[in-house]
Amino acid sequence: MKALILAGGKGSRLYPFSATLPKPLMPLGEMPILELLLRQLAAAGVDHAILAVNHMRHLIEAFFGDGSRFGLTIEYSGEDKPLGTAGPMGAALDRLGEDFVLANGDLLTTLNVRRMVAAHRDAAADATIGVFEREVKVEFGLIDVDADMHMVGYREKPSQQQLVSMGLYVLRAESVRPFVRPNEHLDMPQLMVAMMQAGQRVLCHRQDCVWLDIGRPEDFAAAQRMFEQEPERFLPPSG
């Protein structure tokens, strides 16, 4: 099983931390978050990873090398310009095999990737999106009105549960191929909608797991605390 890891972003929301380190090298305890992800993927049966790199790529390549320290083989796919969250597939697709994992390089989760891959294959899906149920809160009071602009309701900063993308996918290479081109920008929402509209099987996969988006400094701090308190919750068993 192979994986494409998106590791080329600037991490602008994490500034000033990301001014000196690319986001995939941001530490959880003594381990960069991308190292944790690679170890999890290796434990799930991934033996070959391609890292799509751009911003501070020399630091990422110097740290991860050929991947042997982490139990898998690593190659690199360089970007001269930002290609979005799906565009990097254009240059790497021929090296990714029949089904492959695509993941954000800053992904922190306890989701069982092996189980997700099995569900994707059992369903003969073209794409499987890892999803997480999260409370989404509106920061304003919402006014409901009728056709004559009479107020019929007032909801102060409501919240609701929504499924959000985790930044983790299992994809069938031949199903993706018609939609991606080398060196062309494309984001995953665009790709998933295009595949769905073309009649392909785009499934969602949810598990009872931990997932954090570390894009903001406060979320990154929360992830550091969680990992330092229970590292065994995230690290695959050794040996």
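Each value in this text was obtained by applying a stated rule to the coordinates, not by laboratory testing. Keep in mind that what you see is a predicted model, and the values were worked out from it rather than measured. Reconstructed Cβ throughout: ideal geometry from the backbone, glycine too, with neighbour counts over all protein chains shown.
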> Which loop GluC sites (Glu not before Pro) in the range 99-202, with loop taken from DSSP, have no more than 16 other Cβ atoms within 10 angstrom of their Cβ?
Replying inline: 139, 184
> the chain: D in µm²/s via Stokes-Einstein (Kirkwood Rh, Cα pairs, 37 °C, 0.692 mPa s)?
Replying inline: 173 µm²/s
> Based on the Cβ-Cβ distance from residue 221 to residue 94, what FRET efficiency comes out when R0 is 41 Å, to the nearest 0.05?
Replying inline: 0.55
>> Can you return the aspartates and glutamates within cross-link range of residue 2? Criterion is Cα-Cα under 17 Å, with same-chain partners fewer than 8 residues away left out.
In response: 35, 47, 66, 75, 94, 98, 99, 126, 174
>> Once you keep just the Cα pairs under 8 angstrom separated by 6 or more residues, what percentage relative contact order results for the chain?
In response: 26 percent
> When the Cα centres of the range 162-233 and the range 49-126 are compared, how far apart do they sit, in Å?
Replying inline: 12 Å
>> Just to confirm the number: angle between the C-alpha axis of helix 33-43 and the first principal axis of the chain, 0 to 90 degrees, nearest 10?
In response: 70 degrees
> Long-range amide H contacts for residue 125: which residues qualify at under 5 Å (H placed 1.01 Å from N, peptide plane, sequence gap of 5 or more or a different chain)?
Replying inline: none
